Amino acid sequence: MRQLALALADGGVVAKRNLIKIKRVPEVLIWTTMSPIMFVLLFAYVFGSSIDIAGDTSYREYLIAGVFAQTVIFGSTFTGAGLAEDMTKGVIDRFRSLPMARSAVLVGRTASDVFYNSTSIVVMSITGLIVGWRIHTGVVEALGGFLLLLLFAYAFSWIMAFVGLKVGSVEMVNNASFMFIFPLTFIANTFVEVQRLPGPLETFGEWNPVSAVAQAVREAFGNTSNVAPDAWSLQNPILYSLIWVAIILAVFIPLSVRQYLKAAARQG
Amino acid sequence: MTDMIRTEGLVKRYGEVVALNGLDLTVPKGTILGLLGPNGAGKTTAVRILTTLLEPDAGTVEVAGLDVGREPHKVRERIGLSGQNAAVDEQLTGYENLDMVGRLYHLGKQQSRTRARELLQIFDLVEAGDRPVKTYSGGMRRRLDLAAALVANPEVIFLDEPTTGLDPRSRSQMWETIQDLVRGGATVLLTTQYMEEADRLADDIVVIDRGQEIAHGTADELKKQIGGERIETILVNADDLPPAQTILGGISVGDVVVDEQTRRLSAAVDGGVDALRQVLQRLADANIAVVDVGLHRPTLDDVFLSLTGHSAEEVAESPEKTDGKKRPERGKPREKEAVR
């Protein structure tokens, strides 16, 4: 128990360091929040006019939850890039020679990235409200939706932590992550209804955890379309999303810690 | 006396390259061991193993009485490491760096803060303490890095080339700081390529090359190992060279080396100052005018040169390229510094 408390405290110290760094170089944060704004505007005004959603919900309202889900996943590449950058700096040797928890660098990084994601969610929400998105449910439900987004993003950032440590350079992280983030965020109900996807892509879209997250968030905001989903995953989106969160954390926390120790030792 | 550092038969390979090939080290409490060698000799590898950053392929490692392989976490609580590349965060201020390190040593919030301010004071960084480290000069970064190594008052301190790239003033400041540490009871392992540094600081010196010990002893012992003193003199007139050679030859215990170009004579002697006095007397009696005359004791540079056939401060000769193509030339070692 004391071990766990120390590990969390060490993670907190590293997270604080990361946040100080954001404060010193705020440009990074500003540019990161620009891209979700672009996505909202692009889909609302360019593609939005050619996409129809069944029922009374307007496409702009339907769209926002998709952009949210997509953005927090893109945001998780930050974790990978940040770690890859840390590994090239001498400060990692300092960390490794200190009697701190071996997981602290990773725990601290994934924790400070929750701040990134929270910021971009706020920015997106404001943009969404401007283009006509509204929450039709209560405060508790809406907060639940935001919480689920952050939780899923947190889990996903452990995947990116692993990728970042594995590939070892900031540029590589960005390239490598696009390879699987694109299909994951587009072959889903993020921007279109999965029923409209052709054959196998429809199945993939239904069972894609990103779809479940988007669906859960839509329900939380009252932005769902009228068509009831066929797949169990989309009928129980919160449960299905949480299962994925648990699986990702259980697999990628140990994997990433192991990779961190390996990557750090390689620098000898 | 207890040994604070002890290694036996340390071996580390990187693929084909053998970085360490059976290194034994012993450092008694309260002393400084100088680990001396050219770039690529294995100094940094040894430090990384001793500080738990790297696992050896073979051999035993003990630091502060603890087995490094078995209890790395406990070892980390008792050591401080200051590396070749200052391991501090650029974006953070000096104070924030030290405070963070204190927290990660689990000193607690209040003590970490107090200690950070205290170290800024000691290392003359009070004014710069609240500025981001990226605005610091090289010397300031090194001082901060050393300060970070000392946050938890470690018993054993590892300094990997602490003065490489520093200007002479910063270097001698660093030397004084290191001496103070040992006076305070710390045990230090110091790696360096500078003979002068080892000569000045180290109680004991281990010279390594290609991952192996090639000499071991105090600075004086190492110097004796390659022979005694020489008298060197430079004459005003080249015409005087033959008679001067005869005079030196009468006192020397070996050959007299004559360089006509520079009108320089050099002879190995036994009697030290007495021999010098005799030489001066006889040269004066023979009316031979001299520009310069002196008793030359071998420096550690000479030691290194004679032990390895190449100078310690010559450009990096990493183990990968030992095909003889890049045999460094001999001579003028001291001016050349490895700049990275």
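Hey, does region B:11-29 have a residue that's within 14 Å of another protein chain (Cβ to nearest Cβ) and closer than 23 Å to residue B:198 by Cα? Quick ask: steps written out before the conclusion?
Filtering region B:11-29 down to residues within 14 Å of another protein chain (Cβ to nearest Cβ) leaves B:11-15, B:17-20.
Then keep just the ones that are closer than 23 Å to residue B:198 by Cα; that gives B:19-20.
Among the residues of region B:11-29, at least one is within 14 Å of another protein chain (Cβ to nearest Cβ) and closer than 23 Å to residue B:198 by Cα, which makes the answer yes.
Out of the residues in region A:59-92 meeting the condition of being within 14 Å of chain B (Cβ to nearest Cβ) and touching a residue at least 24 places away in the same chain (Cβ under 8 Å), tell me which one is nearest to residue B:104 (Cα to Cα).
First, pick out the residues of region A:59-92 that are within 14 Å of chain B (Cβ to nearest Cβ): A:82, A:85-92.
After this cut, where a residue has to be touching a residue at least 24 places away in the same chain (Cβ under 8 Å) as well, the list is A:82, A:85, A:87-88, A:92.
Working: A:82: 20, A:85: 21, A:87: 18, A:88: 20, A:92: 13 Å.
Of everything passing the filter in region A:59-92, A:92 is nearest to residue B:104 (Cα to Cα).
Across region A:43-72, which residue is nearest to residue A:184 (Cα to Cα) among those that are of a type in the set (A, V, I, L, M) and surrounded by fewer than 17 Cβ atoms within 10 Å (Cβ to Cβ)? I'd like the intermediate steps shown before the answer.
In the first step, residues of region A:43-72 are kept if they are of a type in the set (A, V, I, L, M); the result is A:44, A:46, A:51, A:53-54, A:63-65, A:67, A:69, A:72.
Now drop any that are not surrounded by fewer than 17 Cβ atoms within 10 Å (Cβ to Cβ), which leaves A:46, A:51, A:54.
On the way: A:46: 22, A:51: 20, A:54: 23 Å.
It comes out as A:51.
Are there any pairs with C-beta distances below 6 angstrom linking a residue in region B:36-54 that is at the interface with chain A (Cβ under 10 Å from one of its Cβ atoms) and of a type in the set (D, E, K, R) to a residue that is outside any helix (DSSP H, G or I) and surrounded by fewer than 24 Cβ atoms within 10 Å (Cβ to Cβ), with the two at least 6 apart or on different chains, and if so which?
Between residues of region B:36-54 that are at the interface with chain A (Cβ under 10 Å from one of its Cβ atoms) and of a type in the set (D, E, K, R) and residues that are outside any helix (DSSP H, G or I) and surrounded by fewer than 24 Cβ atoms within 10 Å (Cβ to Cβ), the close pairs are B:48/A:268; B:48/B:54.
Determine whether region B:51-58 contains at least one residue that is outside any helix (DSSP H, G or I), surrounded by fewer than 20 Cβ atoms within 10 Å (Cβ to Cβ), touching a Leu at 6+ places or on another chain (Cβ under 9 Å) and of a type outside the set (Lys, Arg).
yes
Might you let me know whether region A:180-200 holds any residue that is of a type in the set (S, T, N, Q), closer than 17 Å to residue A:77 by Cβ and surrounded by fewer than 19 Cβ atoms within 10 Å (Cβ to Cβ)?
Taking every residue of region A:180-200 in turn, none turns out to be of a type in the set (S, T, N, Q), closer than 17 Å to residue A:77 by Cβ and surrounded by fewer than 19 Cβ atoms within 10 Å (Cβ to Cβ).
Here's a check for you: in region B:59-109, which residue that is of a type in the set (Asp, Glu), more than 7 Å from every other protein chain (Cβ to nearest Cβ) and crowded, with 17+ Cβ neighbours inside 10 Å is nearest to residue B:31 (Cα to Cα)? Lay out the reasoning, then the answer.
Initially, region B:59-109 is screened for residues of a type in the set (Asp, Glu), giving B:62, B:67, B:71, B:77, B:89-90, B:96, B:99.
Filter again for more than 7 Å from every other protein chain (Cβ to nearest Cβ), leaving B:62, B:67, B:71, B:90, B:99.
The next check asks that each one be crowded, with 17+ Cβ neighbours inside 10 Å; those that pass are B:62, B:90, B:99.
On the way: B:62: 16, B:90: 33, B:99: 29 Å.
The qualifying residue nearest to residue B:31 (Cα to Cα) is B:62.
Considering only residues that are assigned to a helix (DSSP H, G or I) and at pLDDT below 90, look in region A:183-219 and name the one that is nearest to residue A:244 (Cα to Cα).
In the first step, residues of region A:183-219 are kept if they are assigned to a helix (DSSP H, G or I); the result is A:183-186, A:194-196, A:199-207, A:209-219.
Those left that are additionally at pLDDT below 90: A:194-196, A:199.
Details: A:194: 19, A:195: 22, A:196: 24, A:199: 24 Å.
The residue in question is A:194.
Could you check region A:96-124 and list, in sequence order, the residues that are buried (at least 18 other Cβ atoms within 10 Å of the Cβ) and without any contact (Cβ under 8 Å) to a residue 40 or more places away in the chain?
A:97, A:98, A:99
Go through region B:1-50 and report how many residues are under 24 Å from residue B:301 (Cα atoms) and part of a helix (DSSP H, G or I).
As a first pass, look at region B:1-50 and keep what is under 24 Å from residue B:301 (Cα atoms): B:19-21, B:23-27, B:31-47.
Going one step further and asking which of them are part of a helix (DSSP H, G or I), we end up with B:43-47.
Of the residues in that region, 5 qualify.
Given the conditions (1) over 21 Å from the mean Cα position of the chain (by Cα); (2) in a helix (DSSP H, G or I), report the number of the one that residue A:100 does not fulfil.
Of (1) over 21 Å from the mean Cα position of the chain (by Cα); (2) in a helix (DSSP H, G or I), only one is false for residue A:100: (2).
Check residue A:262 against each of (1) surrounded by 14 or more Cβ atoms within 10 Å (Cβ to Cβ); (2) within 14 Å of chain B (Cβ to nearest Cβ) and name the one condition it does not meet.
Against the list (1) surrounded by 14 or more Cβ atoms within 10 Å (Cβ to Cβ); (2) within 14 Å of chain B (Cβ to nearest Cβ), residue A:262 comes up short only on (1).
Got a sec? Which of A:127, A:57, A:110, A:88 is among the β-branched types (Val, Ile, Thr) and under 24 Å from residue A:245 (Cβ atoms)? Walk me through it before giving the result.
Working: A:127 fails: under 24 Å from residue A:245 (Cβ atoms); A:57 fails: under 24 Å from residue A:245 (Cβ atoms); A:88 fails: under 24 Å from residue A:245 (Cβ atoms).
Just a single option satisfies the conditions, and that option is A:110.
Looking at (1) part of a helix (DSSP H, G or I); (2) surrounded by fewer than 22 Cβ atoms within 10 Å (Cβ to Cβ), which one does residue A:75 not meet, given that it meets all the others?
(2)
For region A:17-58, enumerate the residues that are without any contact (Cβ under 8 Å) to a residue 60 or more places away in the chain and either within 11 Å of chain B (Cβ to nearest Cβ) or among the aliphatic types (A, V, I, L, M) (or both).
Residues satisfying the conditions are A:20, A:21, A:23, A:24, A:25, A:28, A:30, A:34, A:38, A:42, A:46.
State whether one or more residues within region A:113-124 are more than 14 Å from every other protein chain (Cβ to nearest Cβ), farther than 18 Å from residue A:173 by Cα, out of contact with any helix residue (DSSP H, G or I) (no Cβ under 8 Å at 6 or more places or on another chain) and in a helix (DSSP H, G or I).
Checked against the condition, which is being more than 14 Å from every other protein chain (Cβ to nearest Cβ), farther than 18 Å from residue A:173 by Cα, out of contact with any helix residue (DSSP H, G or I) (no Cβ under 8 Å at 6 or more places or on another chain) and in a helix (DSSP H, G or I), region A:113-124 yields at least one hit.
Name every residue in region B:84-104 that is closer than 19 Å to residue B:178 by Cβ, of a type outside the set (Val, Ile, Thr) and out of contact with any Pro (no Cβ under 9 Å at 6 or more places or on another chain), in order of residue number.
The answer is B:85, B:86, B:87, B:98.
Given (1) more than 30 Å from residue B:26 (Cβ to Cβ); (2) within 14 Å of chain A (Cβ to nearest Cβ); (3) not basic (Lys, Arg), where does residue B:167 come up short, assuming only one miss?
So residue B:167 meets the others, but not (2).
Would you check if there is a residue in region A:179-200 being among the acidic types (Asp, Glu) and either free of Cβ contacts under 8 Å to residues at least 40 places away in the same chain or touching a Cys at 6+ places or on another chain (Cβ under 6 Å) (or both)? Before you say what the answer is, go through the steps one by one.
We begin by selecting, within region A:179-200, every residue among the acidic types (Asp, Glu); these are A:193.
When the remaining residues are screened for being either free of Cβ contacts under 8 Å to residues at least 40 places away in the same chain or touching a Cys at 6+ places or on another chain (Cβ under 6 Å) (or both), the result is none.
No, there is no match, as no residue in region A:179-200 is among the acidic types (Asp, Glu) and either free of Cβ contacts under 8 Å to residues at least 40 places away in the same chain or touching a Cys at 6+ places or on another chain (Cβ under 6 Å) (or both).
The values are calculated or read from the model by the stated rules, or taken from the named source; none is laboratory data. Just so you know, these numbers come straight off a predicted model, no measurement behind them. Positions of Cβ are backbone-derived with ideal geometry, glycine not excepted, and every protein chain shown enters the neighbour counts.
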